[in-house]
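Report on one structure; see the data block that follows.
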Amino acid sequence: MADDKGAGGSNSMWGGRFADRPDAIMEEINASIGFDRRLAAQDIRGSQAHAAMLADVGIISEEDRRAISQGLDEIGGEIERGDFAFRRDLEDIHMNIESRLREQIGDAAGRLHTARSRNDQVATDFRLWVKEQCAEAEAALGRLVNALLDQAEAGAGTVMPGFTHLQVAQPVTWGHHMLAYVEMFRRDAARFADARARMDECPLGAAALAGTGFPIDREATAHALGFARPTANSIDSVSSRDFALEFLSAASICATHLSRLSEEIVIWSSAQFAFVTLSDKFTTGSSIMPQKKNPDAAELTRAKVGRILGSLVTLMTVMKGLPLAYSKDMQEDKEPVFDAADALALALAAMAGMVADMRPNADRLREAAAQGFSTATDLADWLVRELGMPFRDAHHVTGALVKAAEDRGVDLDALSLAEMQAVEPRITEAVFDVLSVEASVRSRTSHGGTAPARVAEMVALRRSGD
Ligand code: ARG
């Protein structure tokens, strides 16, 4: 559109000293409008706050402020309705909106960019966006934690095998296993909250990098945009993307937790384990094998860590070695963050749905809990407590009893007292009290232990938000 071009057909927003149009490839590599249009709402909010501040301190007139404000509202409406014509020759969301504002209100639009640069503008928009994503992630984690707490409460006394090395180790309770993930996801939420508090500073007013000579009020714009305060150093304001790196770090750790739970769900729902039944809502069938019910949601949630961690590595690598202050490299910050945020939101929602719908198979869990001599530690502890044996000796005696049971092809509690006494004559009938999986979990009452009573207490504590 000829009327949008400056002299010689160059860019109308910065083309004063340019005679020629950019090469098509230049335009393609330079443009970010294809993805940063996602920052439209934040860009409009930022401009509204900036214009209001400029008018309040007397840098622009009230009339200009009204025109700018109305124009921006209208543009916001156009974008929402899908009526806005995004133009690649205008590079990014900032210049697309400003150019449209000029079409609407004329010269006043040109005054909006007083005491501001795209460098502080984009830093502000992006912080607003990432801050919102942190809050979204915290809320989504809260929903997942609630689903896990429901499972923990219902299954506080449901015995299942606890594993180390994926070998049966000791009996635990289903509720306790669910609470392990509650702890992880609560820490994840706290990481997003921490990051959000740290990024709660507004870069607007840093201008290109050095600040500005105009008498701006940075406190006012910071507060208008919901930030706690303005950033302290103008160079840092436009150079730093560690707020986005922190979001991606927290997201990567969270995605790792999601992938571990996903993996367990995949294992548990297999016919060989049959620990849980997944709902039809979060599984799919096979086009060739009619009997199949595949845990696709769990598999895809398990996989999301790939792109989320990949995004962290991408942005870390982009930022590494960049000299201060702004470099165009930093335009490459958005796509990985958008992609990771979308992947995380979807994975969290899928996991909350799966967990809410998943049904533990109590009979099968109990049966599996009793396999693999899972109460051997309880037997050794009994020898220590009742016979005063040193633990190392008790360990040795228990090993011999496990061997005896194994040779006969039975569980520990199926050995007769005589068979036990053949190994250690002082063993009495009372030993059988500790050999059941129920007795085993009931006895683990230490703080943070798997005893049903402890699990019920912890569910209540976590529900209270503590
Ligand atoms: N689209 C740019 C980005 O995302 C906006 C900032 C441009 N600043 C500049 N000095 N060219 O980083």
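The values are calculated or read from the model by the stated rules, or taken from the named source; none is laboratory data. These figures come from a predicted structure and were not determined experimentally. Every residue, glycine as well, gets a Cβ built from its backbone with ideal geometry; the counts of neighbours run over all protein chains shown. These accessible areas exclude ligands, DNA and RNA; they are computed on the full protein's heavy atoms, side chains included. Shrake-Rupley method; radii C 1.70, N 1.55, O 1.52, S 1.80 Å.
Among the conditions (1) under 30 Å from E138 (Cβ atoms); (2) hydroxyl-bearing (S, T, Y); (3) over 49 Å from the mean Cα position of the chain (by Cα), S416 misses just one, which is (1). Here R143 does not fit the description of being closer than 18 Å to S12 by Cβ and charged (D, E, K, R). The set of residues in segment 185-242 that are under 30 Å from A349 (Cα atoms), in a loop (DSSP other than H, G, I, E, B) and within 16 Å of the ligand (Cβ to nearest atom) contains only R241. Might you let me know whether segment 458-466 holds any residue that is more than 30 Å from R143 (Cβ to Cβ), open to solvent by less than 10 Å² (accessible area, probe 1.4 Å) and assigned to a helix (DSSP H, G or I)? Checked segment 458-466: no residue is more than 30 Å from R143 (Cβ to Cβ), open to solvent by less than 10 Å² (accessible area, probe 1.4 Å) and assigned to a helix (DSSP H, G or I). Inside segment 159-169, can you point out the residues that are among the β-branched types (V, I, T) and open to solvent by 30 Å² or more (accessible area, probe 1.4 Å)? Result: T164, V168.
For every residue, the table says whether it meets (1) under 25 Å from T158 (Cβ atoms); (2) open to solvent by 40 Å² or more (accessible area, probe 1.4 Å).
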| position | (1), (2) |
| --- | --- |
| A370 | yes, no |
| L383 | no, no |
| A394 | no, no |
| E406 | no, yes |
| A430 | no, yes |
| T450 | yes, no |
| A453 | yes, yes |
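Checked against the criterion of being away from the ligand (no atom under 16 Å from the Cβ), closer than 24 Å to Q70 by Cα and either among the aromatic types (F, W, Y) or open to solvent by less than 10 Å² (accessible area, probe 1.4 Å) (or both), segment 128-146 has no qualifying residue.
Among the residues of segment 104-127, is any within 25 Å of N30 (Cβ to Cβ), away from the ligand (no atom under 16 Å from the Cβ), open to solvent by less than 20 Å² (accessible area, probe 1.4 Å) and part of a helix (DSSP H, G or I)? Yes - at least one qualifying residue is present in segment 104-127.
Yes/no matrix, rows are residues, columns are (1) within 16 Å of the ligand (Cβ to nearest atom); (2) open to solvent by 40 Å² or more (accessible area, probe 1.4 Å):
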{"position": "A19", "(1), (2)": "no, yes"}
{"position": "A24", "(1), (2)": "no, yes"}
{"position": "I29", "(1), (2)": "yes, yes"}
{"position": "S32", "(1), (2)": "yes, no"}
{"position": "R37", "(1), (2)": "yes, yes"}
{"position": "A55", "(1), (2)": "no, no"}
{"position": "G58", "(1), (2)": "no, yes"}
{"position": "S61", "(1), (2)": "no, yes"}
{"position": "A67", "(1), (2)": "no, no"}
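Restricting attention to segment 112-155, the residues that are over 27 Å from the mean Cα position of the chain (by Cα) and in contact (Cβ under 8 Å) with a residue 24 or more places away in the chain total 7. Taking each residue of segment 332-354 that is within 16 Å of the ligand (Cβ to nearest atom) and looking for partners that are open to solvent by less than 20 Å² (accessible area, probe 1.4 Å) with beta-carbon atoms closer than 6 Å, six or more apart or interchain, yields D333/R241; D333/A244; D333/L315; K334/D36; P336/S311; P336/L315; V337/A244; D339/S311.
The set of residues in segment 275-294 that are free of Cβ contacts under 8 Å to residues at least 40 places away in the same chain and closer than 11 Å to M354 by Cα comprises D280, T283. Starting from residues that are within 16 Å of the ligand (Cβ to nearest atom) and aliphatic (A, V, I, L, M), keep the ones in segment 316-331 and report whichever is nearest to D125 (Cα to Cα). In this case the residue turns out to be M330.
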